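**Q** For reference, the structure I am asking about is given below.
Every number here is computed from the coordinates shown, using simple stated rules; none is lab data. These numbers come from a predicted model, not from an experiment. Note: ideal-geometry Cβ built from the backbone for every residue, glycine included; neighbour counts use all protein chains shown.
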Amino acid sequence: MDETTESLDRVMVIGAHPDDPEFGCAGTVVKWARAGKSITYVLLTSGDKGSRDPNVRPGQLAAMREDEQRAAAEEIGVEQAIFLRYPDGLLENTLDLRRRLCGILRQHRPHIVMTIDPWRPYQLHPDHRAAGQAALDAIYAAREWTIFPEQLVGDVEPWRVKEAYLFWTDNADYWEDITCCIDTRISALARHASQVGENNERLAERMRQRASEAGALAREKLEQEEGYEYAEEFKRFQFR
Ligand SMILES: [Zn+2]
């Protein structure tokens, strides 16, 4: 199919921790999954430091958080979740990580990648900075014949991602109307019970509030009279 007419129907979400997709972009993912896009999650760590309880061992927590992530992914309509199991809190944009992500992009051939904006000022969490940077560097590497050429065996070829959507951004230029999907997004987020607790009404209210503010901004920026009651915002790249 010609590149310009090919539909962008394979989506990969690359996050640092289980729950990053649900906090960052899951309303859009729900909407796209319902529209027939195929969604894959890639989680770089399994969130094994995400507890302040000294009695919980990192291995136990990682297994629990992977289960929570699988449950959330299933509710959203994600086809598969891949866990790379780098250590939580210590993620770095190394050549090893970039090579692995590049190989995953070349194998799965996503048209769209969603990840964290690594250039957001004052982003404290090192994993969030590293994850976004590694994902974008892997997008660059994946399309080059000369980078990690040892991966190009059999039917594996360079792969050109068509669009990237960065969430948790201060430079949004794209808004997705998620009014249809806000309830599913919130109930998927609740699957991460080890992080958000059970029946977290205040969190649900906060998620609604933020999506409502993004929706108001979308209406203003796009000069729309209606729609966008709830929205998610992104910095979008189109690599054409
Ligand atoms: Zn995170």
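**Q** Out of residues 5 or more away from ALA231 or on other chains, whose amide H comes under 5 Å of its own, with H placed 1.01 Å from N in the peptide plane?
**A** When sequence neighbours closer than 5 places are left aside, the close amide H contacts are ILE178, SER212, ALA214, GLY215.
**Q** Select from the stretch 1-72 those trypsin sites (Lys or Arg not before Pro) which occupy a DSSP coil region and have at most 10 other Cβ atoms within 10 Å, ordered by residue number.
**A** ARG52
**Q** Using amide H atoms built 1.01 Å from N in the peptide plane, name the residues 5+ places from ILE82, or on other chains, whose amide H lies under 5 Å from its own.
**A** Long-range HN contacts for ILE82: TYR41, VAL42, LEU43.
**Q** Further, regarding this structure: Grab the DSSP H runs of the chain that are 4 residues or longer, score each as -39,500 (n - 2.57), total them, divide by all residues and round the 222 nm result to the nearest 500 deg cm²/dmol. Display every interim value, and only then the final one.
**A** On the way: 8 runs with 98 residues, N = 240.
Calculated from helices alone, the mean residue ellipticity at 222 nm is -12500 deg cm²/dmol.
**Q** Follow-up. In the neighborhood of ILE39, defined by Cβ-to-Cβ distances under 9 Å, what is the net charge if each Lys or Arg adds +1 and each Asp or Glu adds -1?
**A** On the way: positive: ARG10, LYS37; negative: GLU79.
In short, +1.
**Q** Per residue of the stretch 155-162, in order, report the coupling 6.51 cos²θ - 1.76 cosθ + 1.60 (Karplus, θ = phi - 60°) as ³J(HN,Hα) in whole Hz, putting x for Gly and Pro.
**A** 9, 7, 10, x, 10, 9, 5, 8
**Q** Follow-up. Return the sequence-ordered ³J(HN,Hα) values of the stretch 31-46 in whole Hz as given by the Karplus equation 6.51 cos²θ - 1.76 cosθ + 1.60 applied to θ = phi - 60°, using x for Gly and Pro.
**A** 4, 5, 4, 5, 7, x, 6, 9, 10, 10, 9, 10, 10, 7, 10, 9
**Q** Could you state the number of Å between the C-alpha centres of the stretch 94-113 and the stretch 179-211?
**A** Here the answer is 30 Å between Cα centres.
**Q** Another question, if that's okay. Averaging sequence separations of C-alpha pairs under 8 Å and six or more residues apart, then dividing by the length of the chain, give the relative contact order as a whole percent.
**A** That works out to 23 percent.
**Q** Please count, across the chain, the pairs of lysine residues with Cα atoms under 27 Å apart that sit 8 or more places apart or on different chains.
**A** 9
**Q** Which ³J(HN,Hα) values, rounded to whole Hz and listed in residue order, are derived for the stretch 101-118 from phi using the Karplus coefficients 6.51, -1.76 and 1.60 in 6.51 cos²θ - 1.76 cosθ + 1.60 with θ = phi - 60°, glycine and proline given as x?
**A** Going residue by residue, I get 5, 4, x, 5, 5, 5, 7, 8, 6, x, 7, 10, 10, 10, 7, 7, 6, x Hz, with x marking Gly and Pro.
**Q** Using a 10 angstrom Cβ neighbour count of at most 13 plus a DSSP loop assignment to flag exposed GluC sites (Glu not before Pro), which longest range of the chain is free of such sites?
**A** Counting at most 13 other Cβ atoms within 10 Å as exposed, the longest clean stretch of the chain is 7-143.
**Q** Amide H neighbours of TYR174 under 5 Å, counting only residues 5+ apart in sequence or on other chains, H built in-plane at 1.01 Å?
**A** PHE234, ARG236
**Q** Which value results for Rg/Rh of the chain when Rg is the Cα radius of gyration and Rh the Kirkwood radius based on the inverse mean 1/r?
**A** Ratio value, two decimals: 0.96.
**Q** So for HIS17, HIS111, HIS125, HIS192, fewest C-beta neighbours within 10 Å to most, what's the order?
**A** Arranged by neighbour count, lowest to highest, HIS17, HIS111, HIS125, HIS192 become HIS125, HIS111, HIS192, HIS17.
**Q** Related question: Out of the chymotrypsin sites (Phe, Trp or Tyr not before Pro) in the stretch 199-240, which ones are loop residues according to DSSP with at most 15 other C-beta atoms within 10 Å?
**A** PHE239
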